[in-house]
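Student: Here it is, the structure, as structure tokens.
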Amino acid sequence: MTPVPVDVAAVVVTYNSRRHVLALLDSLPAAFGDVSYSVVVVDNDSVDGTPDLLVSRSEVTIVRSTNDGYAAGINRAVQASPPASAILILNPDATLDPGAVPRMLETLRRPSVGIVAPCVREKDGSLSPTLRRGPTLGRAGGLSFTGLPAFTERIEEVSEYVSEHEVDWAVGAILLVDGRCFDALHGFDESFFLYSEETDFSLRARDAGWATVYSPHAGAMHVGGGSGESAATHTMKMVNRIRLYRRRAGDLRAWLYFVMTVLVELRRAVLGHRKSWSTVRALLRPSLRPPQLNASTAILPR
């Protein structure tokens, strides 16, 4: 039987997400309004009963998967979805405000817009600073405390969240992606496993002529840390930042970026961030890096 096309395919990757995912699903009918949609959840081998919790949700298609990473989960969810003009990528610990999707669609339908990021709140209602500047050597040096754009990747200024504008990239907890853009880029790069996949996707989209646009008119809430962060996942985050930069800037600049990252993590470790000790060791001893990254054979990760 041929799948019935929908306006938007909502895709979610869960991993031990039992505490949050039902709140996300409950928020979707009001968030979509009159927009037709589907929901596919790929579960990356949860051990907390997340898939069993979802069985009773008739509106959800569940795909049980081995844990091949977040990017692979998103790609599988898209493959399992019916044809759609747009893809809504959602973290399981997010919820959408009523009417959020039609407002995001309005922005997405403008020429050359490939990705739309909404205005996101923290659990306490405060603004979540989800907008980011692209990676550079200056932004790897641990000088974000200056607040200067040349040294700061995360955009903290409240004024930057008032009006609609193009950004380099945005945190991937809630992103609406044009289906043509997703197909043109062949989805998320699965080699990242976890972290940097949304950065890579937005930057590759920009290279191909698709803009990432922030819309303050669509609201959402993101709890954050729904699956937690361990020393291993923190290491993944830092290794992937180096890999992404190397792929875009080349080996020479990547070596500088690598050295700066080691120094920043060493400083964090000395200041009491225990996870950073594991990251420093893994950066200097590739064999200690998480095997899922396939980045354990050379000092400078590719």
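Student: Can you tell me which residue among Val264, Val239, Val213, Val223 is in contact (Cβ under 8 Å) with a residue 24 or more places away in the chain, crowded, with 16+ Cβ neighbours inside 10 Å, touching a Gly at 6+ places or on another chain (Cβ under 8 Å) and of a type in the set (A, V, I, L, M, F, W, C)?
Tutor: Details: Val239 fails: touching a Gly at 6+ places or on another chain (Cβ under 8 Å); Val213 fails: touching a Gly at 6+ places or on another chain (Cβ under 8 Å); Val223 fails: touching a Gly at 6+ places or on another chain (Cβ under 8 Å).
Going through Val264, Val239, Val213, Val223 in turn, just one is in contact (Cβ under 8 Å) with a residue 24 or more places away in the chain, crowded, with 16+ Cβ neighbours inside 10 Å, touching a Gly at 6+ places or on another chain (Cβ under 8 Å) and of a type in the set (A, V, I, L, M, F, W, C): Val264.
Student: Going residue by residue through the stretch 51-60, is there one that turns out to be surrounded by 21 or more Cβ atoms within 10 Å (Cβ to Cβ) and in the same structural domain as Ala218 (by TED's automatic domain parsing)? Even if it seems obvious, please write down each step before you answer.
Tutor: Of all residues in the stretch 51-60, those surrounded by 21 or more Cβ atoms within 10 Å (Cβ to Cβ) come to 54.
Pick out the ones that are also in the same structural domain as Ala218 (by TED's automatic domain parsing) and you get 54.
Checked against the condition, which is being surrounded by 21 or more Cβ atoms within 10 Å (Cβ to Cβ) and in the same structural domain as Ala218 (by TED's automatic domain parsing), the stretch 51-60 yields at least one hit.
Student: Testing Glu229 on (1) crowded, with 24+ Cβ neighbours inside 10 Å; (2) at pLDDT below 95, one condition comes back false. Which one is that?
Tutor: Just one mismatch for Glu229, condition (1).
Student: Keeping to the stretch 138-162, report how many residues are among the hydrophobic types (A, V, I, L, M, F, W, C), surrounded by fewer than 14 Cβ atoms within 10 Å (Cβ to Cβ) and modelled with pLDDT under 95.
Tutor: To start, the set of residues in the stretch 138-162 that are among the hydrophobic types (A, V, I, L, M, F, W, C) comprises 140, 143, 145, 148, 150-151, 155, 158, 162.
If we keep only those that are surrounded by fewer than 14 Cβ atoms within 10 Å (Cβ to Cβ) too, we end up with 145, 148, 150, 158, 162.
Within this subset, residues satisfying the condition of being modelled with pLDDT under 95 are 145, 148, 150.
Qualifying residue count, the stretch 138-162: 3.
Student: Is it the case that Ala218 is surrounded by 19 or more Cβ atoms within 10 Å (Cβ to Cβ) and either not assigned by TED's automatic domain parsing to the domain that holds Asp45 or not polar (S, T, N, Q) (or both)? Working first, answer last.
Tutor: Numbers: surrounded by 19 or more Cβ atoms within 10 Å (Cβ to Cβ): yes; either not assigned by TED's automatic domain parsing to the domain that holds Asp45 or not polar (S, T, N, Q) (or both): yes.
Criteria met by Ala218.
Student: Among the listed residues Gly172, Gly141, Gly179, Gly114, identify the single one that is under 24 Å from Val239 (Cα atoms) and in contact with a strand residue (DSSP E or B) (Cβ under 7 Å, 6 or more places away or on another chain). Give the derivation first.
Tutor: Numbers: Gly141 fails: in contact with a strand residue (DSSP E or B) (Cβ under 7 Å, 6 or more places away or on another chain); Gly179 fails: under 24 Å from Val239 (Cα atoms); Gly114 fails: under 24 Å from Val239 (Cα atoms).
The unique qualifying residue is Gly172.
Student: Considering the stretch 141-159 alone, what residues qualify as being outside any loop (DSSP other than H, G, I, E, B) and without any contact (Cβ under 8 Å) to a residue 12 or more places away in the chain?
Tutor: Step one: list which residues in the stretch 141-159 are outside any loop (DSSP other than H, G, I, E, B), which gives 144-146, 149-151, 154, 158-159.
Selection gives Ser144, Phe145, Thr146, Ser159.
Student: For Arg204, indicate whether it is basic (Lys, Arg) and either more than 28 Å from Val12 (Cα to Cα) or modelled with pLDDT under 95 (or both).
Tutor: Values: basic (Lys, Arg): yes; either more than 28 Å from Val12 (Cα to Cα) or modelled with pLDDT under 95 (or both): no.
No; evaluated as a whole, the condition is false for this residue.
Student: Taking only the stretch 119-133 into account, find how many residues are among the polar types (S, T, N, Q) and at pLDDT below 95. Walk me through it before giving the result.
Tutor: First, the residues of the stretch 119-133 that are among the polar types (S, T, N, Q): 126, 128, 130.
Then keep just the ones that are at pLDDT below 95; that gives none.
Number satisfying all stated conditions: 0.
Student: Looking at the stretch 14-94, what helices (runs of 4 or more DSSP H) fall wholly within it and have at least 2 residues that are at pLDDT 95 or above, touching a strand residue (DSSP E or B) at 6+ places or on another chain (Cβ under 6 Å) and of a type outside the set (Ser, Thr, Tyr)?
Tutor: On the way: elements: 21-32, 50-54, 70-79.
Helices (runs of 4 or more DSSP H) meeting the threshold: 21-32, 70-79.
The values are calculated or read from the model by the stated rules, or taken from the named source; none is laboratory data. Since this is a predicted model, take the numbers as computed values, not measurements. No Cβ is skipped: glycine too gets one built from the backbone with ideal geometry, and neighbour counts run over all protein chains shown.
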